[in-house]
Amino acid sequence: MENFLNEKRLLVIGLVWPEPGSSAAGTRMVQLIRWFLKQGMQVHFACAAGKSDFSFDLISLGVIEEEIVLNDSGFESQLTKWNPDIVLFDRFMIEEQYGWRVAQVCPNAMRLLDTEDLHFLRHARQECFKKGIPFSEEWLYSDRAKREIASIYRCDASLIISEFEMNLLQKQFNIDSRLLRYLPFMEEEITAEIQSSWKGFEDSVDFVFIGNFIHEPNWNTVQVLKNRIWPAVRKRLPTAKLHIYGAYATAKVLQLHQPKDGFLVHGRAQDVLEVMLPARVLLAPIQFGAGVKGKFIDGIKTGTPNVTTSIGVEGMNGNLDWNGFIADSDQDFVDKAVQLYTEKAVWEEARNQGVLLLNQRYAACLFSSDFLVWIRESLFNLQKNRQFNFVGQLLSHHSLQSTKYMSLWIEEKNK
């Protein structure tokens, strides 16, 4: 079985070229690509977006990079040439754009969707937050939810990064578990040798926050820190500083930089782990969002405990204790931040808990073998599995393919 995927072909269609130094989504994608390469697959990564200076060098891994064009039938010729065994769509918008072409040209290719996080869940929470009203389940039933769930049905299976979102899809929307596969971040185990490279309590200093500012929850979190949390923490710890890092910081983010208040906005981190390592505590009062948060995994990997909210920790720790504190009121958050920063025994226990958390829930060895077995069985039973997914067949029927005909209309218009 270990050679089952050897020399088979994977096509990844990306929303963007992955930037693991900028976002958890980029980290997730590179992890998936590495896993498929490790199984001996030939991997093509195709994307219509432009590259940035921070795009990951996929070629260095042995990936074949392909440029594609939106709403262009030339993509079908490229598909015929690549002839993939598996196609992985990077988020539901990409499946909408290219899924019908893949189904048409490569009907025997397994179609996988990597949701990253459930976009409709994140946007529903964001909408409620902006309106200043409590989030309730009725906000989930949006047009975006219809689009995303339709994409899940059209695919042979979807990779879900959060246990919470697995449960939501199955219980709230009655999606068959056979269409879903839980696959969180896949990390190297934290060994005693790695822990020996961490800074001790006395050698670490200050607080840190990190997040891609294209992502609205991160910008909101910085505003909460600036206006509600940090002034109270600083009052009790007058020599402490809060270091804010994040890719794509706009002028409105950078103008929050106030050295006299110990609130330091640095912009992009050249190396996330390097800026996390010297910090004593990670602060993340996240108010809305979805998925799982890569910043907490990075904190665990550098021995940096954190204080966050129930939304921040959602789907991450299962039945295990969190590596720090969970606080949903401003006062409790401030109290816990000060306690974690000043009490060595509490801080060390939180750090140790992070090691258990990563090794027991996110170590790659926990998922790799089972994922390989699942891929093999899914490919072997592809046509049989598609028969039970009658809703997916309905959504792929020509009379319902609005995205297909919209794309064809745009293509003609462009001509």
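The values are calculated or read from the model by the stated rules, or taken from the named source; none is laboratory data. As the structure is a computational prediction, the values presented were derived from the model and not from experiment. Cβ coordinates were reconstructed from backbone atoms using ideal geometry, including for glycine residues, and neighbour counts include every protein chain displayed. Only protein heavy atoms, including side chains, enter the accessible area calculation; ligands, DNA and RNA are left aside. Shrake-Rupley method; radii C 1.70, N 1.55, O 1.52, S 1.80 Å.
In order along segment 291-296, the phi-based Karplus estimate (6.51 cos²θ - 1.76 cosθ + 1.60, θ = phi - 60°) of 3J(HN,Hα) comes to x, 10, 9, x, 4, 6 Hz; Gly and Pro are listed as x. Close amide H contacts of M186 (hydrogens built in the peptide plane, cut-off under 5 Å, sequence separation of 5 or more or a different chain): none are found. Hey, if you put +1 on the Cβ of every Lys and Arg and -1 on every Asp and Glu Cβ in segment 288-415, which of L408, L356, F367 ends up farthest toward the positive end of that dipole? It is L408, whose Cα lies furthest towards the positive end.
Loop-located GluC sites (Glu not before Pro) in segment 112-189 (DSSP state not H, G, I, E or B) with no more than 14 neighbouring Cβ atoms inside 10 Å: E188, E189.
Take the Cα of K235, go 7 Å toward its beta carbon, and the backbone nitrogen atoms of segment 261-283 under 19 Å from that spot belong to 261-263. Dipole size of segment 250-357 about its Cα centre, with +1 on Lys/Arg Cβ and -1 on Asp/Glu Cβ: approximately 380 debye, rounded to the nearest 20. A simple spin-label model places the labels of W374 and E138 3.5 nm from each other, with each point 7 Å out along Cα-to-Cβ.
To the nearest 10, the accessible area of S177 is 60 Å² with a 1.4 Å probe.
Computing Rg and the Kirkwood Rh from the Cα coordinates of segment 1-76 gives a ratio, Rg/Rh, of 0.99.
Using 0.36 nm per residue and subtracting the Cα-Cα separation, the extra length available between E412 and S196 on full extension is 71.7 nm. When the surface is traced with a 1.4 Å probe over the full set of protein chains, H257 keeps roughly 70 Å² accessible. In order along segment 139-155, phi translates into HN-Hα couplings of 6, 6, 8, 10, 4, 5, 5, 4, 5, 5, 6, 4, 4, 4, 5, 5, 8 Hz, rounded to whole numbers, per the Karplus curve 6.51 cos²θ - 1.76 cosθ + 1.60 with θ = phi - 60° and x for Gly and Pro. Among the trypsin sites (Lys or Arg not before Pro) in segment 173-216, those placed in a DSSP loop whose Cβ has at most 16 other Cβ atoms within 10 Å are K199.
Across the chain the C-alpha pair distances fall into 10 Å bins from zero in the proportions 4, 21, 30, 25, 14, 5, 0 percent.
A Förster radius of 25 Å combined with the Cβ-Cβ distance from N352 to V205 puts the calculated FRET efficiency at roughly 0.80. Residues in segment 300-307 carry Karplus couplings, in order, of 4, 5, 10, x, 10, x, 9, 10 Hz; the curve used is 6.51 cos²θ - 1.76 cosθ + 1.60 with θ = phi - 60°, and Gly or Pro positions show x. Figure note: T250, T308 ranked by solvent-accessible area, largest first, 1.4 Å probe, ligands and nucleic acids not counted: T250, T308.
Mean residue ellipticity, 222 nm, helices only, the chain: the sum of -39500 (n - 2.57) across DSSP H runs of n ≥ 4, divided by residue count and rounded to 500, is -12500 deg cm²/dmol.
Amide H to amide H, with H built 1.01 Å from N, L113 comes under 5 Å of F89, A157, S158, L159, counting only residues 5 or more places away or on other chains.
I210 contributes an accessible area of around 20 Å² to the protein surface, as traced by a 1.4 Å probe with all chains present.
Using Cβ point charges alone (K and R +1, D and E -1), the dipole size of segment 91-201 about the Cα centre works out to roughly 460 debye. Taking 7 Å steps out from each Cα toward its Cβ at C365 and Y182 produces label points 2.1 nm apart.
Ordered from highest to lowest accessible area with the whole protein assembly present and a 1.4 Å probe, D332, D143 read as D143, D332. Can you compute the label reach from F4? Point 7 Å from Cα along the Cβ direction, backbone N cut-off under 14 Å, restricted to segment 356-389. Residues passing the 14 Å test: 368-382.
For the chain, the dipole from Cβ point charges (+1 on Lys and Arg, -1 on Asp and Glu) about the Cα centre works out to 760 debye, to the nearest 20. Among residues other than A337 with Cβ under 11 Å from its Cβ, the summed charge is +1 (Lys and Arg +1, Asp and Glu -1). Annotation note: GluC sites (Glu not before Pro) in segment 1-105 located in DSSP loop regions with a Cβ neighbour count of at most 12 within 10 Å are E2, E7.
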